[in-house]
Amino acid sequence: MKWTTNTFAGGHLSTVMSQTMLTGKARERFLARAGEPGARDDSTRKAFAKIYGWSPPAELGEWQAVAKAYAKSFEEISDVWMLRDPISYALGLEKSFKLDKRINTGDFWITALTGLELFGSDPSGDSCFVSTLTTGRGDGAEVHIFNHENGELDVGRFGSIANFIASYFSPHSSDDDGDSEEHPWSAAATKFDDAFEKSLPRQPAWASADQLFSRSHWLMDLPTGEKGFELARKVASAPPFAVWLEERPRLIEHPVLIHYWTMAHYFLGNVEACREAIAIGKKAPGRLASALAGLVEGLLDEPEAAPLGKLSAKTLAKLREAVRKNAAPELLDPASAPATTKTKRTGKEAAASPRQIQARLAAGEDPWALIAELPEDVAVHDLALQSIVSSKTDEELAGRIKQYFRERTCDAYNTWPYDPTEYDRRLNPVIAAAFRSGLRYDADHPKAYAGITKTLAIADDDFAMAAFEQAIDELAVEDARVEYVIEGLASSAHARAGALLERAALRFFATLEEAKERSAKKAKEGPTLDNMFRVDSHFAEALRVALRRDDDIAVRLAEKTLSFHSNLQLFGTALGLAVRVLTRRERESALEWAHAYAAMVIDRRSGSEWIEDIAQANVAECAIAIAKLAERDYAMAFLQERFTAEREHLQADLALRGALLAGLLILDPTNHEYRGWVERLLGNRTGAFSVFSVLRGIEESRADIPASWVLPHVYADRTSLSPSQTGEGVVQAAARRALAVLGAPPPPPFDDSDEFASQLPDDGLAAAIVRPERHRLSNVFERIRVKNIVHPDIVSNGGAVLRDLYAWSADDGDRSDNRARVEGLRALRLQGPAAAPALAALLELPHMSLEDRGWARITLRYCGQEADVRRWLQSATNEEVLAELTRPSPRFVAFPDLLAAHLAARIGERAKEACLAAVERRLADVPRTSDYAGPGDPALMLLPFVAAPLGADARARLRSWAKGFDSHYSPRAVLEQAGKFEPEPLSHDWKGPLVVEATCVGESVRYRVELLLERDKLVWKSSTDGFTMNHLIDESHSERGSLDFESADAARAFADLELRALSLRGFRRPAPAPAKKTKTTKRR
């Protein structure tokens, strides 16, 4: 076949597909199904044209003709893209076109506004769209790649379906030799692509799907009832009203433009222009334009009643208001634009035109005086600041001004300057004015100047307070700037901060209904990536901050908070904080509310698997209130009854016990049982929020608790979806307060100058393990491993820290994690056999989880001490081996399979009970109903096979133990196979090396032992491959060594003993490798 640029311009789609997607017989089958090259099925194109008013490119007719052939060959084609039939739905839609059923769907609007139809998806999550618009460059249909990470068409575009397919697909076959030479079509496809790219600048908007997508992106979500992501930013890309005037004469020829301008004018509020678009739409080709015209006309005629599909008039009004708010004046009809969008000056500002300001500055007038004269005019401020930069009289200030211009357009979470000492306070009035001017826009609008929200907190002056006050009054509850306004007031030293916090808190109460609607909507949607971090109302944080201040304002707000008895989830931890404020003032209302809330939450949630952190915090404050305000006997009965109640799920039980313990410690601070629970709950090292409840109990009760139990939480990590309410900062602050009431010296603040231990010298890493106030422990351990540091202090310090980290790990939730644990095990393993006692000590922890014991055992097994164990076995007596198998010392605790096999090889069935006892002890450390954390541990996977040959009753016991584990679970599979195991006798003439292997039943792990007898020396190598150990151990591990004997006969005798031991552990000679097939070279 001859490849030319015309091959990709239309008329050759089936040929291109067969050559680029398939090979051999698969290609032949596809061509037979596809029919004549260039064949088209235009029925869907005609149906599409009747609906939308334009006829898709002829290549889509080719695709329609070949679509069934593609579907039947789908399994034989690479899944680089999985393509679909984009417009066949038009056949059914033509027969029954009802706009109201499609008007609220996003896919419909993508097509109506841009002509794009979903064409396929790739394994990464990206999508591709085919354009139904005719470009005038042949019969090809453009294809555009949609980037799912940013929601834009910016990955790639292709001039035809054929070109798209040739660019992504390549044929493959089973005998492909892997050469990566260019394909025969590559040069022609590239030439076609180059010509297509050169033509794009001349392409008019109505024929360019990507131009239409860019300019209508802001509009696509609105008919679905959503503002969409970053509406304010996207609406800035909308074409101005002047473009409407330019395009209006040719609208009748391009229904895609009619659809856009009809909806754009409606949402922008350009009523007269919208009616013009409606009039044109009624005459335009396609059912959609006329149906849409009638629908929107009804919306204009009855704005307070008419719906848009499922969207009520009220919802539409909110959406139109949001659009209008963020629309630049250029987007609006000048005849109907409101006064707020026009530049209107009065008084002093009447004479402050840009030209006059520039003239005054050029005449030498002081820029700062001009800023003071016109304190609200951001345009004047910008000119004044630019004159300072141009004057070059103060380079440092000029640099700050340039930063200001750049940083003010950033997002609301932006921090500038990062170092507050670099801030120039002369900019205070400028920044406040710019921030206030941006309040009319949503936060993502470039002119919102959201990037300087945090800068106002640094200023913390009258200008900042005035700006904060206006923001509190004007911003929507979901506006991101509110979060940082509240943050700024929380840290403010200004006299007005408290009053403004109260003002913001009262705004929360005033907008509670709106927050309720947002919460209900999120609940209806279910958890998604889009709504996971969506806040119902940022003003709720103002209430919480004000309550924490515990002043007269807090009392007023607390009383108002506790007057609510519904929609309590909107308040978060403000409920508990309000109880705390009123409890400290012994208000009876606090007791009544606390009693009702605690009883409700505990009764409703006791059967749950877990308790939300916020609920834990609130119940803890309620328990404290009950303990302090209720009659003692009643309080004890109420709290104790619920504390001792049995609950099915551990995490919920621990959470509620922690919350109730906060009150019980006040009533009986010396109770031994409560003290035990304090130790247990404070022993958590995975960020459980029950820690906070206990710390609050210590703070209020002043119970005599060891400060060492509290201290780790001063520097503890925890993640939270609501960090200001339940994040690590909340827990750390509670820990410091608890230490203060215990009389402990205040621990130093965390020094983040070398948080990740990246600047420490190698000889400082061992000491850094016990410096939580300076370094993140996981990073210290990681650095030790990466730098390959071996030092005795790493064993002593690391062992002590790991004992603390694992002491109560049996209480950890299924999804909890502590990276320092795994990194610590890796660092200790690096220390070699010297770490064995520290690792073995972990297995003595009574409350370490079974999964974690598995990790520790694997680490102990593979820390390089196998050579020591083998040397010991070389000279150990039978009695010594039996003693270590029965009660293993740290040196041998991870090697029961090796000891049992040698003992059984020496004394046969007399080793049965000791071997079975070893199996039973090992199984006691294995979970019965969950995936085991340490697959591949020879002590578990090989030990049962040692016991199996020692008698029928031994095999029966193994099979009996197997029934205690879930089916399809590797320990069960091991025990069942061991129950019928017959060892394969191993013998060797020792004239050369011996290699034997064993596999891990139910896992991918493979064990391998190599032995070589060299006169009076036995050389060995032990390997394990196929680990999947959460990065704890590399996929492959091997150790090697040699044993010296007094004579060749002694060496031979021990080698034969080793063979019997290997046989008992299930080792066999590997099967011969299959003969390699000779590859026949094909003639070409």
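Below are the figures for this structure:
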quantity: Any chance GLU302 is at pLDDT below 95, surrounded by fewer than 23 Cβ atoms within 10 Å (Cβ to Cβ) and in contact with a helix residue (DSSP H, G or I) (Cβ under 8 Å, 6 or more places away or on another chain); calculated: yes
quantity: Number of the exception - GLU321 against (1) assigned to a helix (DSSP H, G or I); (2) at pLDDT below 95; (3) surrounded by 14 or more Cβ atoms within 10 Å (Cβ to Cβ); calculated: (3)
quantity: Subset tally (residues that are assigned to a helix (DSSP H, G or I) and either out of contact with any helix residue (DSSP H, G or I) (no Cβ under 6 Å at 6 or more places or on another chain) or not assigned by TED's automatic domain parsing to the domain that holds GLY488 (or both)) for region 411-426; calculated: 4
quantity: Listing of helices (runs of 4 or more DSSP H) fully contained in region 934-983 that carry 2 or more residues being touching a residue at least 60 places away in the same chain (Cβ under 8 Å); calculated: 938-941, 943-947
quantity: Of residues in region 434-472 being in contact with a Phe, Trp or Tyr (Cβ under 9 Å, 6 or more places away or on another chain) and not in a helix (DSSP H, G or I), the one farthest from VAL380 (Cα to Cα); calculated: ASP444
quantity: Any strands (runs of 3 or more DSSP E) falling wholly within region 987-1071 and containing at least 3 residues that are small (Gly, Ala, Ser); calculated: 1036-1044
quantity: Selection count where residues are within 17 Å of THR583 (Cβ to Cβ) and buried (at least 22 other Cβ atoms within 10 Å of the Cβ), scope region 602-649; calculated: 13
quantity: Selection count, region 94-132, where residues are polar (S, T, N, Q) and more than 21 Å from ALA264 (Cα to Cα); calculated: 6
quantity: Residue list for region 374-416, filter: in contact with a Leu (Cβ under 7 Å, 6 or more places away or on another chain) and free of Cβ contacts under 8 Å to residues at least 12 places away in the same chain; calculated: none
quantity: Selected residue [charged (D, E, K, R), in contact (Cβ under 8 Å) with a residue 60 or more places away in the chain and in the same structural domain as ALA195 (by TED's automatic domain parsing)] from GLU75, GLU94, GLU59; calculated: GLU59
quantity: Among (1) over 30 Å from the mean Cα position of the chain (by Cα); (2) under 27 Å from GLY683 (Cβ atoms), the one test that PHE750 misses; calculated: (1)
quantity: Identity of the residue in region 1030-1073, within 30 Å of LEU828 (Cα to Cα) and hydroxyl-bearing (Ser, Thr, Tyr), that ends up surrounded by the fewest Cβ atoms within 10 Å (Cβ to Cβ); calculated: SER1036
quantity: Qualifying residue in region 878-897 (condition: touching a His at 6+ places or on another chain (Cβ under 8 Å) and either at pLDDT 95 or above or on the phi < 0 side of the Ramachandran plot (or both)); calculated: yes
quantity: The lone exception for GLN470 - which of (1) buried (at least 17 other Cβ atoms within 10 Å of the Cβ); (2) more than 27 Å from SER390 (Cβ to Cβ); (3) over 29 Å from the mean Cα position of the chain (by Cα) it fails; calculated: (1)
quantity: Test: ALA655 is closer than 20 Å to ALA810 by Cα, in a helix (DSSP H, G or I) and in contact (Cβ under 8 Å) with a residue 24 or more places away in the chain; calculated: yes
quantity: Restricting region 330-377 to residues that are surrounded by 18 or more Cβ atoms within 10 Å (Cβ to Cβ) and under 30 Å from ALA273 (Cβ atoms), the residue that is modelled with the lowest pLDDT; calculated: ALA337
quantity: Residue that is farthest from LEU22 (Cα to Cα) [pool: residues in region 137-171 that are more than 35 Å from the chain's Cα centre (by Cα) and assigned to a loop (DSSP other than H, G, I, E, B)]; calculated: ARG137
quantity: Close pairs (8 angstrom Cβ cut-off, 6 or more residues apart or separate chains): farther than 25 Å from VAL477 by Cα in region 315-335, of a type in the set (Gly, Ala, Ser) anywhere; calculated: PRO329/ALA337; GLU330/ALA242; LEU331/ALA238; LEU332/GLY269; ASP333/ALA273
quantity: Looking only at region 824-857, and only at residues there that are surrounded by fewer than 24 Cβ atoms within 10 Å (Cβ to Cβ) and touching a Cys at 6+ places or on another chain (Cβ under 8 Å), the one that is farthest from ASP897 (Cα to Cα); calculated: GLN831
quantity: Close pairs from region 590-606: first among the hydroxyl-bearing types (Ser, Thr, Tyr), partner surrounded by 17 or more Cβ atoms within 10 Å (Cβ to Cβ) and not in a helix (DSSP H, G or I), Cβ under 8 Å, at least 6 apart; calculated: SER606/ARG647
quantity: Answer from SER1038, SER1022 - the residue that is free of Cβ contacts under 8 Å to residues at least 60 places away in the same chain and in contact with a strand residue (DSSP E or B) (Cβ under 7 Å, 6 or more places away or on another chain); calculated: SER1038
quantity: Where a residue in region 203-214 is within 16 Å of THR111 (Cβ to Cβ) and touching a residue at least 40 places away in the same chain (Cβ under 8 Å) and its partner, wherever it lies, is part of a helix (DSSP H, G or I) and acidic (Asp, Glu), with Cβ under 9 Å and at least six apart; calculated: TRP206/GLU247; TRP206/GLU253
quantity: Pairs with Cβ under 6 Å, 6+ apart, first in region 3-31 and closer than 20 Å to GLU182 by Cβ, second among the aromatic types (Phe, Trp, Tyr) and surrounded by 22 or more Cβ atoms within 10 Å (Cβ to Cβ); calculated: TRP3/TRP185; THR5/PHE192; PHE8/PHE192
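To keep it simple, each residue is scored yes or no on (1) within 34 Å of the chain's Cα centre (by Cα); (2) crowded, with 17+ Cβ neighbours inside 10 Å.
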| residue | (1), (2) |
| --- | --- |
| GLU517 | yes, no |
| ALA542 | yes, yes |
| ASP550 | no, no |
| ALA558 | no, yes |
| LEU562 | no, yes |
| THR573 | yes, yes |
| LEU582 | no, yes |
| TYR597 | yes, yes |
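The values are calculated or read from the model by the stated rules, or taken from the named source; none is laboratory data. All values reported here derive from a predicted model rather than from experimental measurement. Glycine gets a Cβ as well: all are built from the backbone with ideal geometry, and neighbour counts include every protein chain shown.
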